[in-house]
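Structure, as structure tokens:
The values are calculated or read from the model by the stated rules, or taken from the named source; none is laboratory data. What you are looking at is a predicted structure, and each value in this text was computed from that prediction instead of being measured. Counting neighbours? That spans all protein chains shown, and the Cβs are built from the backbone with ideal geometry, glycine included.
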Amino acid sequence: MKEILSDYRLAVESREASLIGRKEVFMGKAKFGIFGDGKEVAQIAMAKVFKPGDFRSGYYRDQTFMFAIGELTIQQFFAQLYAHTDLNADPITAGRLMTGHFGTRTLDESGKFKALAELKNSSADISPTAGQMPRLLGLAYASKLFRHNPALASYTNFSRNGNEIAFGTIGNASTSEGMFFEAINAAGVLQVPMLTSVWDDGYGISVPQHFHTTKSSISKALAGLQRTESENGFEILTVKGWDYPALVEAYQRAEKVCREEHVPVLLHVDEVTQPQGHSTSGSHERYKSKERLAWEADHDCLKKMREWIINEVMILPEEIDTIEKEAKQSAKLARDRAWKAFMEDVKKDQNIVFSILEKGEGLSRHSEAIQQLKQELSTTINPSRLDTMRAAKKALHLFRDESHEARTELIDWLKGSEGDNYNRYSSHLYSASDESALKVEVVPPVYTENSSIVDGREVLQACFDAALTRDPLVVAFGEDVGKIGDVNQGFAGLQAKYGELRVTDTGIRECTIIGQGIGLALRGFRPLAEIQYLDYFIYALPTLSDDLACLQYRTKGGQKAPLIIRTRGHRLEGVWHAGSQIGMLLHSLRGIYIITPRNMTQAAGFYNTMLRSDDPAVIIECLNGYRLKERIPDNIGEFTIPLGVPEILKPGTDVTIVTYGSMCRVVMEAAESLEEAGINCEVIDAQTLLPFDVNGVILESVKKTNRLVLADEDVPGGASAFMMQQILEVQNAYPYLDSKPVTITGKEHRPAYASDGDYFTKPNPEEVFEKVYGLMNEVDPDKFPALY
Ligand SMILES: Cc1ncc(C[n+]2csc(CCOP(=O)(O)OP(=O)(O)O)c2C)c(N)n1
Ligand SMILES: [Mg+2]
């Protein structure tokens, strides 16, 4: 009984937080609100079966659940609403994400994993609907690996025999997304402990259920997944979102099959309401009928729970009234504390700038304008950091030709706040820990007389073999990766050697292959997830961009997923098998290192580096390089290659040509012909595009040659534009140029088929020759007469 009353109290407190939250937005104290009202009771029931070691992957309605598992306080909930940038105030997003983005810190302050098996964990939310599903699959799959691979028994900090459930939550309308279906199907195939709850309020913002789901019911639509006596599948349960005892029972049943038998469960929580409507943008009276609104009021889970307690548990209404009063009061107090802390933080800088302005008023010729700025700053309602910054910058602009103490103080403050604001709003895009990929010790390759010359694919195979031996947490999976050892045999024989749990085939489902990798990495694994061809990255891009790339950033270093994505691309022969969409990756995947090795030895060195770091990376192997001969280093599993360090493949003095990947061979061939024509090229392999040339190797080259050519296989203005911006603007090579920079790229369309198609749509040695020659013709037409 005590438990029931405390559940009810929490439900009321959470509801009150939603109600107050909405008011805060309307008072201008916060920008946007989206709350979990109407879902309180269901979430409290879910929290009852959520054990240490479990993980949540959910969405913005889950505040009550987070309160119930003790991983969010109401004060923190308000701190996030206000965008308080202090990690102590909002420990999961540090004010970077708007309200309703939940999570727990799975890393300690040095960026190492905490003992996850002892904690109640939540992966970090993202806004795109159903974006939580791919990751959810991986979180559940980790339990399967921990349970079935005896070599992992000692990793008790991550798992206890794979007993952990991955709890998913999703809105009814979001189940229409492809990611939902892809993840659900994969969970049924894999038989993993994934317990997905659908909060079904009958709407997705304004759009009613019959637009979203076949038969207007996700449990009906998915009925074919239900397991039977003879066939594996899902356990599908339906329960009403206002029925407290039924919810408690349903979650107990769901937990049992999920945790003990590793059977995935879909819990369709129907008849959920949304008392305040979707969010603070707009009201639901615009699209819900009077009847629907009346039905919602009648089926409100708090109202129903109260009635049930009075009727069935026999508690007096007055006693319940007291609980409600206390709960509401405590939510208000939490709001007050959060606002006070937020204001105190913001006002620190405001006070400093105010006093500098005060000083400036007496010292500047623009006394009146300064006074005006001071006045504005002090009378701003709900002041924000930008108000202070703008006042400071406007004052600095006024002080520009003056010399006094106020100006010096202002400059000092502005310089200091650059670092503070970087820390508040821009830090942790990549790992900031000691295991950052940029800090991995460099171990050079060792070659001896015994080093044999083998096919490129064999170099990779030896590297992966060594990795699988070295670390039992390394797993590789993807389409055709298991039995045949991938389409180019990089994993040949390794499934036979290490078993199906370590080297594994998957369905054709790029998006959830990535999610599988993210979830595994979040739980301590070192996954190598394979996307068969670079062209199919487009299917995986949402999860890579929205989830993996921003994970460290959006948690301010609170979570990491050191996933390595392996793929192959650039050129072979055939449309959708010869793409080099590198610009697409550079534009959408900041936060993931992008590595473009020219051969398989370089690729192996980068795999070794990344496997020793806690950053995620994409490694793009050259499709046309698997059968080329390479000399395999004796320390194939140990040597590492540093990121961001280009390699000079051929020194030269006339022109700097920067390239990467398969184009290295093309450019080297052209450079030889150019040499014969009297042009001495310096050919540089950038090796990694993120990070790009961290030590300015290319700048030094341009200082010498004064001419720059960028060659790759992406579209014009794709990755070549990125490289140019890095070299001309960031490295400041612009003043050293004597000629216009030149790019040599693929055509704007997809590559045409066969050898001729490749020749006419991708850069070839003759084209490189002619472009570079043309550059020199402009410089010295007598020495280099026009070709045509
Ligand atoms: C990919 C994507 N498309 C659209 C949106 C905008 N959006 C936010 S919530 C929402 C409705 C979701 O409805 P439902 O899944 O039923 O969850 P509910 O809010 O009803 O709990 C939409 C369309 C989004 N966040 N992400
Ligand atoms: Mg909905």
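Listed values, structure above:
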item	result
Within the stretch 209-229, considering residues that are within 16 Å of ligand 1 (Cβ to nearest atom) and of a type in the set (S, T, N, Q), the one nearest to Lys288 (Cα to Cα)	Gln209
Condition check for Asp300: in contact (Cβ under 8 Å) with a residue 24 or more places away in the chain, charged (D, E, K, R) and within 13 Å of ligand 1 (Cβ to nearest atom)	no
Residues being more than 17 Å from the chain's Cα centre (by Cα) and part of a helix (DSSP H, G or I) - total across the stretch 518-541	3
Any hit, the stretch 121-133, residues being away from ligand 2 (no atom under 16 Å from the Cβ), within 21 Å of Ala221 (Cβ to Cβ) and outside any loop (DSSP other than H, G, I, E, B)	no
Any chance Phe181 is at negative phi, more than 16 Å from ligand 2 (Cβ to nearest atom), modelled with pLDDT of 95 or more and assigned to a strand (DSSP E or B)	no
Failed item, numbered, when Ser174 is tested on (1) more than 13 Å from ligand 1 (Cβ to nearest atom); (2) closer than 26 Å to Tyr539 by Cβ	(1)
Boolean, Lys39 is over 23 Å from the mean Cα position of the chain (by Cα), over 27 Å from Tyr155 (Cβ atoms) and within 16 Å of ligand 1 (Cβ to nearest atom)	yes
Any hit, the stretch 233-246, residues being in a helix (DSSP H, G or I), away from ligand 1 (no atom under 16 Å from the Cβ) and either more than 24 Å from Ala17 (Cβ to Cβ) or at pLDDT below 95 (or both)	yes
Residues that are outside any strand (DSSP E or B), buried (at least 24 other Cβ atoms within 10 Å of the Cβ) and more than 16 Å from ligand 2 (Cβ to nearest atom), drawn from the stretch 163-178	Glu164, Ile165
Strands (runs of 3 or more DSSP E) within the stretch 453-515 that include 1 or more residues without any contact (Cβ under 8 Å) to a residue 60 or more places away in the chain	474-478, 503-505
Long-range neighbours under 6 Å by Cβ, at least six apart or interchain, first residue modelled with pLDDT of 95 or more within the stretch 637-653, second part of a loop (DSSP other than H, G, I, E, B) and small (Gly, Ala, Ser)	Pro646/Ala686
Every residue from the stretch 94-123 that is touching a strand residue (DSSP E or B) at 6+ places or on another chain (Cβ under 9 Å) and either at pLDDT below 95 or small (Gly, Ala, Ser) (or both)	Gly103, Ser122, Ser123
Residue check, Ser289 surrounded by fewer than 14 Cβ atoms within 10 Å (Cβ to Cβ) and of a type outside the set (Lys, Arg)	yes
Residue in the stretch 59-81 that is within 16 Å of ligand 2 (Cβ to nearest atom) and over 25 Å from the mean Cα position of the chain (by Cα) present	no
Those residues of the stretch 370-383 which are surrounded by 15 or more Cβ atoms within 10 Å (Cβ to Cβ), in contact (Cβ under 8 Å) with a residue 24 or more places away in the chain and in a helix (DSSP H, G or I), in sequence order	Ile370, Leu377
Set Ser417, Ser433: member being crowded, with 18+ Cβ neighbours inside 10 Å and not in a helix (DSSP H, G or I)	Ser433
Residue that is surrounded by fewer than 17 Cβ atoms within 10 Å (Cβ to Cβ), more than 16 Å from ligand 2 (Cβ to nearest atom) and either basic (Lys, Arg) or in a helix (DSSP H, G or I) (or both), where the choices are Arg259, Arg253, Arg306	Arg253
The stretch 188-208, residues that are within 13 Å of ligand 1 (Cβ to nearest atom), among the small types (Gly, Ala, Ser) and either buried (at least 24 other Cβ atoms within 10 Å of the Cβ) or in a helix (DSSP H, G or I) (or both)	Ser197
Test: residue in the stretch 236-254 that is free of Cβ contacts under 8 Å to residues at least 12 places away in the same chain, hydroxyl-bearing (Ser, Thr, Tyr) and farther than 29 Å from Pro542 by Cβ	no
Residue within the stretch 126-134 that is at negative phi, crowded, with 24+ Cβ neighbours inside 10 Å and more than 16 Å from ligand 1 (Cβ to nearest atom) present	no
All positions within the stretch 1-60 that are at pLDDT 95 or above, charged (D, E, K, R), surrounded by fewer than 24 Cβ atoms within 10 Å (Cβ to Cβ) and over 25 Å from Trp339 (Cα atoms)	Glu3, Asp7, Lys48, Lys51
Lone qualifier among Phe158, Phe167 - being within 22 Å of Cys511 (Cβ to Cβ), in contact (Cβ under 8 Å) with a residue 60 or more places away in the chain and not hydroxyl-bearing (Ser, Thr, Tyr)	Phe167
Extreme residue, surrounded by the fewest Cβ atoms within 10 Å (Cβ to Cβ), among residues of the stretch 537-554 that are under 18 Å from Leu586 (Cβ atoms) and aromatic (Phe, Trp, Tyr)	Tyr553
